[in-house]
Each structure stands twice: as structure tokens, then as C-alpha cells.
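For reference, the structure is listed below as C-alpha cells.
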Amino acid sequence: MKSIPAADSGALPPDLELKKAPTQPRAVETYERILGACAELLGEVGIERLSTNLICQRAGISPPALYQYFPNKYAILHELGTRLMQVQNELLAPWAVPATMRLPEAEFARSVAELFLGTLALTEQMPAGVWVTRALRAVPSLQHVRNGSHDFVTDMLLAPFMEAHPQADRAQARLSFRLAIDALYAAQELLFDDPSLDPQAVARTMAEMVTAQLMRLRGPA
């Protein structure tokens, strides 16, 4: 997918800061309607054709109501992307423990494959999860959300791995986890783009690749 310009016009990156957080029930309801409308439209019209006017029409609100909270469509996508990454990370947290990192090779590979398939299902179930995932890669101003989340997950995985295997090279382990996370997300996007692929086969193959590298880092049993 080609990269999307950082802003609708001009060279400056768009403002992604939330103007204000909703506090009253009615404001929260409007805020969530904006996010829901954006998610719906993203899957219908794509990133380039998405606009705040379309979002307002779908949400049944006026542009000033939207601009109370978001300065532009990229700020809305930023919020949707942040939410998606948080939910995915919550799924990962129970897995990222020393006991997992001590599993025998075959069991560890199975657990990675199950985690991959769980993340895939969660993303597909989230409102516009597939399109939000694409936006986090394709829109330059949003890539820090994806990269920041991947860095966070890398450290989340590194800590229990080093606790389980203190003899491992920490720098090499961190690099391996960071590359593995990017590879797993690339495999997920490949499944979004090519429905003819078998998710089970992709999950199994990616899990075996990741596991083989981590087993080498563990050293002799």
C-alpha cells in the first residue's frame, strides 16, 4: 500500500492532539459517535477519501461539534489506532510471563501460533480494525503509534525472557523480539490483503520461525 500524505495539504504534519476530553455523558456519547462513524467510513471509503465532513454526516453532528475534540481526521485515526494497540497489548500481557518463556520448543511454538491467531481475530472484530492497522502503517504521521506500541511490547516480552534465561545476550534478545513483532504484524497484514492464504498455516510458519531464533538465544537446555 502506498503511503498517504501526512496532511490533506501542505508539508507540515497534522495536529494529532485531542482538543479536549469529554467529561459529561452527552459529550462522551458524541465523542464515541465520532469514533464509530470514522471506523465505519474507513472500511467503506478508505483512508484517502475519508474526511471530517463525511464523519459528521455519518455521526449526525455538525462540524463544530467534531472540532471540539478533534482537529482533523488524522487525530481521530490516531485515537482509533491507540485503542487498537492497547487492546492487542492487553491480550498479550497474560502470555508474557517467565513460565511461557521456559516452555519446551514445540509448546512455545504452539503458544505463539495461538497468540497470533487470537490477535488476528481480535483485530478483525474491532470496528475497522483491519483498516486502522493499515492506516498505522500507511499514514506517516500515525506510524509512531505503531512503532511506540511495538517498542512497548518488545520490552514487555524481554523482561520475562531475561528472567527465565538470564544467560542470554540481552541486546540480541531485544533485537530478536523487536524483529519478531514486526514480522508477526506483517504476516497479519498479509492475511488481510490475501484472503486465499490459510491463517493456520501462516500462524504455524511464523511461530516456528520466531521460536527457532529464541531457542538459539536460550542456549543449551
Q) So which pairs qualify, if the first residue must be in the stretch 71-94 and within 13 Å of VAL130 (Cα to Cα), the second must be of a type in the set (Lys, Arg), the Cβ gap must be under 8 Å, and the two must be at least 6 apart or on different chains? A) GLY81/ARG146; MET85/ARG146
**Q.** Members of the stretch 28-53 found to be open to solvent by less than 70 Å² (accessible area, probe 1.4 Å) and either free of Cβ contacts under 8 Å to residues at least 12 places away in the same chain or touching a Gly at 6+ places or on another chain (Cβ under 6 Å) (or both), listed by number
**A.** VAL28, VAL45
**Q.** Some residue of the stretch 89-105 being over 22 Å from LEU12 (Cβ atoms), at pLDDT below 95 and open to solvent by less than 30 Å² (accessible area, probe 1.4 Å)
**A.** yes
Q. Looking at this structure, is THR211 under 18 Å from the mean Cα position of the chain (by Cα) and either open to solvent by less than 60 Å² (accessible area, probe 1.4 Å) or on the phi > 0 side of the Ramachandran plot (or both)?
A. no
Q) Residues PHE108, PHE116, PHE152: which one is within 24 Å of MET215 (Cα to Cα), among the aromatic types (Phe, Trp, Tyr) and open to solvent by 50 Å² or more (accessible area, probe 1.4 Å)? A) PHE152
Q: Could you check the stretch 54-157 for helices (runs of 4 or more DSSP H) lying wholly inside it with 2 or more residues that are touching a Gly at 6+ places or on another chain (Cβ under 8 Å)?
A: 73-92, 105-125, 129-138
Q. Does the stretch 59-88 hold any residues that are small (Gly, Ala, Ser) and open to solvent by 40 Å² or more (accessible area, probe 1.4 Å), and which are they?
A. GLY60, SER62
Q. Among the residues of the stretch 103-111, is there at least one that is touching an Asp or Glu at 6+ places or on another chain (Cβ under 9 Å) and over 21 Å from ALA39 (Cβ atoms)?
A. yes
Q. How many residues does the stretch 158-199 hold that are part of a loop (DSSP other than H, G, I, E, B) and either surrounded by fewer than 16 Cβ atoms within 10 Å (Cβ to Cβ) or of a type outside the set (Gly, Ala, Ser) (or both)?
A. 9
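The values are calculated or read from the model by the stated rules, or taken from the named source; none is laboratory data. What you are looking at is a predicted structure, and each value in this text was computed from that prediction instead of being measured. Positions of Cβ are generated from backbone atoms using ideal geometry, with glycine treated the same way; all protein chains shown enter the neighbour counts. Please note that ligands, DNA and RNA were not included when accessible areas were found on the heavy atoms of the full protein model with its side chains. Shrake-Rupley method; radii C 1.70, N 1.55, O 1.52, S 1.80 Å.
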